[in-house]
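Enquirer: Take this structure first; my questions come after.
The values are calculated or read from the model by the stated rules, or taken from the named source; none is laboratory data. Please read all numbers here as calculations on a predicted model, not as lab measurements. All Cβ positions, glycine included, derive from the backbone under ideal geometry; neighbour counts span all protein chains shown. The accessibility values were calculated without ligands, DNA or RNA, using every heavy atom of the protein model including side chains. Shrake-Rupley method; radii C 1.70, N 1.55, O 1.52, S 1.80 Å.
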Amino acid sequence: SETYLSNVDFDYLEEVWRDGWDEELGTIPAEEVTDRAIHYIRRMDAERYIVHYMQPHLPFVTRPDINSNMVTTAGVRGKGESLGGLHNKEGYGKEELWRATCENLKYVLDSVEVLLSNVNAEQTIISADHGEAFGEQNIWNHPCRTYIDSLTQVPWCPTSAVDSGNY
């Protein structure tokens, strides 16, 4: 956000990474994003909101035993391994990496569920920025300018949200 966005682009821009970063996890916890989103959505009257979670991107929050790559600035190599490194160098199988990714997705969707039951939004979309190749065409990560379905097709899940006021 620091490179590409400013408060001029939005009614309000909350950069959670600035003070919500968890050094031990090497990412922004989903709960931190949910807490901020609920706080601001309940207090603001914007036409629309964008809430961006880091998960299911690496690192595997639910599997700290897997030395997965920490989130970093674009172009900066972080601690840990990418999916490709975990598979090719560390010897993790496709099924175990898929399970860990699904666990990371479940982790963030649990927070999304809390968000959707604590804000009002008649129209809500749950989506993602990209997928992972998981070995398709011998590609493991999501390299730029690689156009295969697993990397370019993203979910588009319309739903709604109703504030129960219980969080």
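Enquirer: How many residues does the range 111-138 hold that are in a helix (DSSP H, G or I) and either within 7 Å of Ala161 (Cα to Cα) or of a type in the set (Val, Ile, Thr) (or both)?
Expert: Taking the range 111-138 first, the residues in a helix (DSSP H, G or I) are 111-116, 136-138.
Of the ones still in play, those that are also either within 7 Å of Ala161 (Cα to Cα) or of a type in the set (Val, Ile, Thr) (or both) are 112, 114, 116.
Residues meeting the conditions: 3.
Enquirer: Would you please name the residue that is farthest from the chain's Cα centre (by Cα), looking only at residues in the range 31-60 that are within 25 Å of His142 (Cα to Cα) and open to solvent by 60 Å² or more (accessible area, probe 1.4 Å)? Reasoning before the result, please.
Expert: First, pick out the residues of the range 31-60 that are within 25 Å of His142 (Cα to Cα): 33, 50-60.
Within this subset, residues satisfying the condition of being open to solvent by 60 Å² or more (accessible area, probe 1.4 Å) are 50, 52.
Details: Ile50: 13, His52: 7 Å.
It comes out as Ile50.
Enquirer: Something else now. Against the condition within 30 Å of Tyr49 (Cα to Cα) and open to solvent by 40 Å² or more (accessible area, probe 1.4 Å), how does Lys94 come out, does it pass?
Expert: So Lys94 does not fit the description; no.
Enquirer: In addition: State which residue is farthest from Thr34 (Cα to Cα) when the search covers only the range 1-16 and only residues that are among the acidic types (Asp, Glu) and over 18 Å from the mean Cα position of the chain (by Cα).
Expert: To start, the set of residues in the range 1-16 that are among the acidic types (Asp, Glu) comprises 2, 9, 11, 14-15.
Now narrow it down to the ones that are over 18 Å from the mean Cα position of the chain (by Cα): 9, 11.
Details: Asp9: 22, Asp11: 19 Å.
In this case the residue turns out to be Asp9.
Enquirer: Go through (1) surrounded by 11 or more Cβ atoms within 10 Å (Cβ to Cβ); (2) modelled with pLDDT under 95; (3) assigned to a loop (DSSP other than H, G, I, E, B); (4) not hydrophobic (A, V, I, L, M, F, W, C) and name the single condition Ser150 misses.
Expert: Unmet condition: (3).
Enquirer: Please verify whether Ala37 is in a helix (DSSP H, G or I) and within 22 Å of Asp149 (Cα to Cα), treating the condition exactly as stated. Walk me through how you get there before you give the answer.
Expert: Working: in a helix (DSSP H, G or I): yes; within 22 Å of Asp149 (Cα to Cα): no.
Here the answer is no, as Ala37 does not meet what is asked.
Enquirer: Tell me, yes or no, whether the range 86-98 has at least one residue that is of a type in the set (D, E, K, R), outside any helix (DSSP H, G or I) and modelled with pLDDT of 90 or more.
Expert: Going residue by residue through the range 86-98, those that are of a type in the set (D, E, K, R) are 89-90, 94-96.
Within this subset, residues satisfying the condition of being outside any helix (DSSP H, G or I) are 89-90.
Going one step further and asking which of them are modelled with pLDDT of 90 or more, we end up with 89-90.
The answer is yes, given that some residue of the range 86-98 is of a type in the set (D, E, K, R), outside any helix (DSSP H, G or I) and modelled with pLDDT of 90 or more.
Enquirer: Next question, about the same structure. Here's a check for you: in the range 103-127, which residue that is without any contact (Cβ under 8 Å) to a residue 40 or more places away in the chain and under 16 Å from the mean Cα position of the chain (by Cα) is nearest to Gln55 (Cα to Cα)?
Expert: Within the range 103-127, the first condition is being without any contact (Cβ under 8 Å) to a residue 40 or more places away in the chain, and the residues that meet it are 109, 113, 122-127.
Still in the running and under 16 Å from the mean Cα position of the chain (by Cα): 109, 113, 125-127.
Values: Leu109: 9, Glu113: 14, Ile125: 16, Ile126: 13, Ser127: 12 Å.
Looking at the filtered set, the residue picked out is Leu109.
Enquirer: Select from the range 153-163 the residues that are outside any strand (DSSP E or B) and exposed (fewer than 12 other Cβ atoms within 10 Å of the Cβ) and list them in ascending order. Spell out how you get there, then give the answer.
Expert: Here is the first cut: in the range 153-163, the residues outside any strand (DSSP E or B) are 153-155, 162-163.
Those that are outside any strand (DSSP E or B) and exposed (fewer than 12 other Cβ atoms within 10 Å of the Cβ): Gln153, Val154, Pro155.
Enquirer: Also, quick follow-up: Exactly one condition in (1) in contact (Cβ under 8 Å) with a residue 40 or more places away in the chain; (2) within 18 Å of Leu151 (Cα to Cα); (3) within 17 Å of the chain's Cα centre (by Cα) is not met by Gly84; state its number.
Expert: Of the numbered conditions (1) in contact (Cβ under 8 Å) with a residue 40 or more places away in the chain; (2) within 18 Å of Leu151 (Cα to Cα); (3) within 17 Å of the chain's Cα centre (by Cα), the odd one out for Gly84 is (3).
Enquirer: Something else now. Within the range 1-30, count every residue that is closer than 21 Å to Asn69 by Cβ and either small (Gly, Ala, Ser) or open to solvent by less than 100 Å² (accessible area, probe 1.4 Å) (or both).
Expert: Number of matching residues: 12.
Enquirer: Something else about it: Return yes or no: is Lys89 surrounded by fewer than 16 Cβ atoms within 10 Å (Cβ to Cβ), in contact with a Gly (Cβ under 8 Å, 6 or more places away or on another chain) and farther than 24 Å from Ile126 by Cα?
Expert: No, not satisfied.
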